[in-house]
Amino acid sequence: MRSIGELARASGLTVSALRFYDSAGVLVPALVDPVTGYRWYTDEQVAPARLVAGLRRVGMPVAEIAAAVRAEPAAVHRLLDAHLRRLEDGFADARRELCRIRALISPEEPVMATRLVLSRIELTQAIDAVRFAVGTDPELPVLTGVLFDVTPDGVRLVATDRHRLALARAGAGRADGPAVRVVAPAGFVDEVRALLDTGAGVTPEAHLTVDRTAVSVSVAGRVVTATPLPYDFPDYQRLLRVAAGDAPAYRIPVDAAALRSALRRPDAPTVALEHDGAPVAVVVLGVDDSGWLRLLEPGEAAPGGALRVGVNGDYLLDALDAAGESQLMLELDGPIAPLAVRRPGDDDAFSILMPIRL
């Protein structure tokens, strides 16, 4: 048996850290002396303690450290991959925030614009994939636009009204300038969408120029320009990081046309509920033991007692229409977990709907 001090020296953890991980249930001593309260550990606990020390140094959350200590190697690798993605996202966010801070400190410095050459078709598809989720609440003006999250390899468009979130991406053929993010007014986005239509058959390219003071898109010599909204867009990455790297409980291929038709039928089964003070026609989705999706009647239990999820029927239709594919993928985890609508094989375009508790 090893004392707590001996395990501390062997693992690289401090004595106080070992006491903390004991109280958190992460690394519990093999024996605690009932008289003195001294903690004793076995030799077999040295390796888990070293694992905890390493995960602690890279900032992994305590709950995930606890899971890693008890998991099989393959599951630990998934946790490491997910945490690495979080760190990379956080680093990108920090770089953008530091750029913004530098601009606040030295506003007299010249503004550097970022210029991207995008596929006109990809930008059109990206706008169509997110426009439905733009907010209209005047008390939340930051949500009344579309985030243009620009990096050297393309632009990610993000929109949310708090109840749903939509993301899509257009890759850059050519790029020049630093990463930048701005919130473009919805009216500007609509003008850009119309401009992209006029470019059909004329040019395959759209030119995006973004800095802190302006955002513009040009197609075949015609330009649409706007001043970004003066707000910091919410950290949409937080929702995407939840259970990152873990497969959803259900990943269900869906015939989008058939589901749209079923949802639009006059006799489509719905549950009338009140949500945020307004009446909502809630569609109840059921997943049976075989993993097949179906619309449930009001009060009907899911087949075999499996998953049963309520979602705003109009929002689900919007998401299906915006995806623009005949075959889609629905990802569900539980009755109060977000529901994702994805295009098969496309990790850059999807929407997330918040469920409604039944």
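The values are calculated or read from the model by the stated rules, or taken from the named source; none is laboratory data. Keep in mind the model is a prediction, meaning the values are calculated, not measured. Cβ coordinates were reconstructed from backbone atoms using ideal geometry, including for glycine residues, and neighbour counts include every protein chain displayed. When the accessible area is computed, the model is the full protein with side chains, heavy atoms only, and any ligands, DNA or RNA have been set aside. Shrake-Rupley method; radii C 1.70, N 1.55, O 1.52, S 1.80 Å.
Kindly sort Asp348, Asp288 by accessible area of their heavy atoms, largest first, with the probe set to 1.4 Å.
Asp348, Asp288
For the stretch 157-180 and the stretch 1-70, what is the separation of their Cα centres, given in Å?
If we compute the Cα centre of each part, the gap is 42 Å.
Using the heavy atoms of the protein chains alone and a 1.4 angstrom probe, what is the accessible area of the chain per residue in square angstrom?
51
What trypsin sites (Lys or Arg not before Pro) does the stretch 270-358 have in DSSP loop regions with at most 16 other beta carbons within 10 Å?
In loop regions of the stretch 270-358 (DSSP not H, G, I, E or B), the sparsely surrounded trypsin sites (Lys or Arg not before Pro) are Arg357.
Could you check the simple spin-label distance between Asp176 and Ala200, using points 7 Å along Cα→Cβ, in nm with one decimal?
For Asp176 paired with Ala200, the spin-label model returns 3.1 nm.
Counting only protein heavy atoms, what percent of the accessible surface of the chain is carbon or sulfur at a 1.4 Å probe?
Solvent-exposed carbon and sulfur of the chain make up 54 percent of the total.
Around Ala113, what is the net charge, scoring Lys/Arg as +1 and Asp/Glu as -1 over all other residues with Cβ under 11 Å from its Cβ?
Charge balance near Ala113 sits at 0.
Once both labels are modelled 7 Å past Cα along the beta-carbon direction, what's the Arg115-Val28 spacing in nm?
Each label point is offset 7 Å from its Cα along the Cβ direction, giving 6.4 nm.
Of (i) 20.3, 60; (ii) 27.5, 110; (iii) 25.1, 85, which one was derived for Rg and Dmax of the Cα atoms in Å from the structure shown?
(iii)
I want the local charge near Val284. Using Cβ-Cβ distances under 11 Å, sum +1 for each Lys or Arg and -1 for each Asp or Glu among the other residues.
With Lys, Arg at +1 and Asp, Glu at -1, the net is 0.
How do 197-204, 148-155 rank on mean C-beta neighbours within 10 Å, highest first?
So the peptides 197-204, 148-155, ranked by packing, come out 148-155, 197-204.
Once R0 is set to 22 Å, what does the formula 1/(1 + (r/R0)^6) return for the Cβ-Cβ distance between Arg357 and Ala262, expressed as a FRET efficiency to the nearest 0.05?
For R0 = 22 Å, the calculated efficiency reads 0.45.
At 0.36 nm per residue, and after removing the present C-alpha to C-alpha distance, how many nm does the segment from Arg70 to Ser290 gain when stretched out fully?
Value of the extension gain: 76.2 nm.
What's the local net charge at Trp40, with K and R +1, D and E -1, over the other residues with C-beta under 15 Å away?
It works out to a net charge of -1.
Mind pulling the per residue volume of the convex hull built on the Cα atoms of the stretch 75-151? Å³ is fine.
Hull volume over Cα atoms, normalised by residue count, gives 188 Å³.
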